[in-house]
1. Which one of 60, 81 is under 22 Å from residue 34 (Cα atoms) and either modelled with pLDDT of 95 or more or open to solvent by 50 Å² or more (accessible area, probe 1.4 Å) (or both)?
2. For the range 23-46, give me the residue count where each residue is open to solvent by less than 90 Å² (accessible area, probe 1.4 Å) and not hydrophobic (A, V, I, L, M, F, W, C).
3. Could you please let me know if residue 89 is in a helix (DSSP H, G or I), within 18 Å of the chain's Cα centre (by Cα) and surrounded by fewer than 14 Cβ atoms within 10 Å (Cβ to Cβ)?
4. Since residue 8 meets every condition but one in (1) modelled with pLDDT of 95 or more; (2) assigned to a loop (DSSP other than H, G, I, E, B), which condition does it not meet?
5. So, residue 52, is that one assigned to a helix (DSSP H, G or I) and free of Cβ contacts under 8 Å to residues at least 40 places away in the same chain or not?
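The values are calculated or read from the model by the stated rules, or taken from the named source; none is laboratory data. The model shown is predicted, which means the values in this text are computed figures rather than measured ones. FYI the Cβ positions are ideal-geometry reconstructions off the backbone, even for glycines, and counts take in every protein chain you see. Protein only, heavy atoms only, side chains kept; ligands, DNA and RNA dropped before computing areas. Shrake-Rupley method; radii C 1.70, N 1.55, O 1.52, S 1.80 Å.
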Amino acid sequence: MTTSNTAGPEADPAVLDELTRLRDSIDNIDAAVVHMLAERFKCTQQVGRLKAEHRLPPADPGREARQIARLRALAESAKLDPAFAEKFLTFIIAEVIRHHESIADDAAGGTA
């Protein structure tokens, strides 16, 4: 992502410099989030293969509920909206389950 300053010509250069600094930090954080998600999905793919190998269900509603509660508590302590954190984790869990179902389907078909 590139940092662009769209303020008018009257914008204070010091403000533009601060805006650029903050946006650069945001870009770095976004990159870290993407890399952390990639690492998380590498782990969940391994979980999916293990579940498929042992014919365990792709979803684990008990674990999912515990994770959501844990993430909500973490969000609260980090001063992040717990509802947002729950929506974010719910989205990730849905994607993980989709991957686990695909892995299980492949294993059942003999392609795993």
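1. Only one candidate passes the filter, namely 81.
2. Residues meeting the conditions: 8.
3. no
4. Residue 8 satisfies all of (1) modelled with pLDDT of 95 or more; (2) assigned to a loop (DSSP other than H, G, I, E, B) except (1).
5. Against the criterion (assigned to a helix (DSSP H, G or I) and free of Cβ contacts under 8 Å to residues at least 40 places away in the same chain), residue 52 does not qualify.
Here's the yes/no breakdown for (1) free of Cβ contacts under 8 Å to residues at least 12 places away in the same chain; (2) closer than 20 Å to residue 44 by Cβ; (3) touching a Ser or Thr at 6+ places or on another chain (Cβ under 9 Å):
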position	(1), (2), (3)
74	yes, yes, no
77	yes, no, no
81	yes, no, no
85	no, yes, no
94	yes, yes, no
97	no, yes, no
